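Working notes for the structure below.
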Amino acid sequence: MHRLGTSSRPDWQLAVVIGAGGLGTAVARRLGQRHRVLVVDIDHERAVSVARGLCEEGGDAEAAECDVTRPESVDALAREVAARGGFRVLAHVAGLSPVAGGFEHILQVNLTGPALVTRALLPLAGQGSAAILIASLAAHTYRAVPAVESLLGDPAHPHTASRLAAAVAPEDRTGATAYHISKYGLLSLCRREAQAWGQRGARIVSLSPGLIATPMGAAEFSNSPVKRELYARTPLAREGTMLEIADLVEFLASDRASFISGTDVLADGGLYGTLRSG
Ligand SMILES: NC(=O)c1ccc[n+]([C@@H]2O[C@H](COP(=O)([O-])OP(=O)(O)OC[C@H]3O[C@@H](n4cnc5c(N)ncnc54)[C@H](O)[C@@H]3O)[C@@H](O)[C@H]2O)c1
C-alpha cells in the first residue's frame with residue numbers, strides 16, 4: 001500500500017542489487033527509475049546510505065545486510081525477498097578486485113557468493129524475472145586447465161575455493177588467478193543454470209565489463225602494469241563508464257532482452273577482439 005509522504009511504489013516490481021559499491025550504486029540508481037530496489041551489501045551502512053540516496057531522489061529503496069559467502073546469510077536474504085513478493089531483477093554486482101583479497105577469499109566472494117545467491121533466489125523468480133551477474137573481460141582471457149574446469153560444476157559447494165587452491169600450482173595461488181577463475185566460473189554458471197531459470201520463465205545472463213572507470217578500477221591502475229597495457233590497447237581509447245554498464249544491465253533486465261539467456265555480454269570497448277587478433 002502507498003504510504004503518504006513517501007515515494008513508496010508498491011505497484012513496481014522488486015530489483016535486488018547485491019553490492020553497494022561504485023558500480024552497484026550506478027546500477028541501483030538506474031533500476032530504481034522503474035523498480036522498487038533492495039540494496040544489499042555485507043557493509044550495512046553502505047547499503048543504507050545508497051538506499052537513502054535513492055529515496056531522496058524519489059525512488060523506493062530499502063537496504064539489507066548480507067554476506068554472500070555465508071549460506072545462512074543468503075537464506076535470510078531470500079526470506080527478505082520472499083516477504084516482498086519475489087523479484088523481477090537480480091543484479092549481482094558485488095565482487096572483489098584481484099588486489100582486494102587472497103586466492104580463496106576472492107573465489108568465495110566472486111563465485112561461491114553468486115552461486116549461493118542465484119540458488120537461493122531462483123524459487124522466488126517469476127515469469128519475466130532476470131538475473132544479471134557482473135563478470136569481467138578476465139573471464140574471456142582465462143584458459144582453464146582440466147583440474148580447474150572439473151571443480152567449477154558446483155561453485156556453491158563450501159569447499160570449492162579450497163579445492164581450487166589445491167588444483168592450481170603454488171605460484172598461481174594469487175589474487176589475479178583467483179579473479180580470472182571466479183569470473184570464468186560465472187560464465188559457466190549462467191550457461192548451466194539457464195535451463196532451471198527457463199523453467200520458471202526467467203533468464204540468467206552474465207555481463208563482462210572491460211576496463212571501467214570506478215574507484216575500484218582506479219585503485220588497480222596504480223599497481224598493475226598489465227592493466228595499464230590493456231588500457232593502451234583498448235580500441236575506443238578510454239575506460240567505459242559506470243553509466244554505460246548500468247544502461248546495459250537495465251537493457252538485459254528488461255523485456256527488450258527477453259530471448260537472451262545462458263550467455264555472456266561483453267562490454268569492453270573492443271579490447272578482447274584486439275587481444276585475440278594479436
Ligand atoms: N572496475 C572495473 O574496471 C571492473 C571491470 C570488470 C568487472 N568489474 C566488476 O564490477 C563489480 C563491482 O565493482 P564495484 O566498482 O562496484 O566494486 P566496489 O569495490 O566499489 O564494491 C564492491 C562491493 O561489494 C561488497 N562486498 C564485498 N564482499 C561482499 C560479500 N561477501 N557479500 C556482500 N557484499 C560484499 C563491498 O562491501 C562493496 O560495497 C565486481 O564484480 C568487479 O569484478 C569491475
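The values are calculated or read from the model by the stated rules, or taken from the named source; none is laboratory data. Values in this document were obtained by computation on a predicted structure and should not be read as measured data. When we count neighbours, we look across all protein chains shown, and the Cβ atoms used for this are built from the backbone with ideal geometry, even at glycine. Please note that ligands, DNA and RNA were not included when accessible areas were found on the heavy atoms of the full protein model with its side chains. Shrake-Rupley method; radii C 1.70, N 1.55, O 1.52, S 1.80 Å.
Surface analysis of the chain yields an accessible area of 45 Å² per residue, using protein heavy atoms and a 1.4 Å probe.
Label separation (residue 247 vs residue 218): 2.2 nm, computed from points 7 Å beyond Cα along the C-beta direction. Look at the dipole of the chain built from charges on Cβ: of 66, 187, 116, the Cα furthest out on the positive end belongs to 187. Summed over qualifying helices (DSSP H, 4 residues or more, each -39500 (n - 2.57)) and divided by its residue number, the chain shows a 222 nm mean residue ellipticity of -13000 deg cm²/dmol.
Loop-located chymotrypsin sites (Phe, Trp or Tyr not before Pro) across region 200-278 with a Cβ neighbour count of 11 or fewer within 10 Å are 259, with loop assigned by DSSP.
Expressed as a whole percentage, what fraction of the accessible surface of region 35-135 belongs to carbon and sulfur atoms when a 1.4 Å probe is rolled over the protein heavy atoms?
The value for region 35-135 is 47 percent carbon and sulfur by accessible area.
Reported to the nearest whole Å, the Cα centre-to-centre distance from region 175-192 to region 54-68 is 28. Label zone of residue 192 (point 7 Å out along Cα→Cβ, amide N under 13 Å): in region 138-159 this covers 148-159. Projected label points at residue 3 and residue 43, each 7 Å from Cα along the beta carbon direction, are separated by 2.6 nanometres. Using the beta-carbon distance between residue 100 and residue 200 and R0 = 35 Å, what value does 1/(1 + (r/R0)^6) give for FRET efficiency, to the nearest 0.05? That gives a FRET efficiency of 0.55.
For the chain, report the translational diffusion coefficient in µm²/s to the nearest whole number, using Stokes-Einstein at 25 °C, 0.890 mPa s, and a Kirkwood Rh over Cα pairs. Approximately 130 µm²/s, per Stokes-Einstein. Placing a pseudo-label 7 Å from each Cα along the Cα-to-Cβ vector at residue 254 and residue 166 gives an inter-label distance of 4.8 nm. Loop-resident trypsin sites (Lys or Arg not before Pro) (DSSP state other than H, G, I, E or B) in region 88-147 with no more than 16 further Cβ atoms inside 10 Å of their Cβ: 143. The stretch between residue 144 and residue 237, if pulled fully straight at 0.36 nm per residue, gains 30.6 nm over its current Cα-Cα span.
Accessible surface of region 221-278, 1.4 Å probe: 59 percent of it comes from carbon and sulfur atoms.
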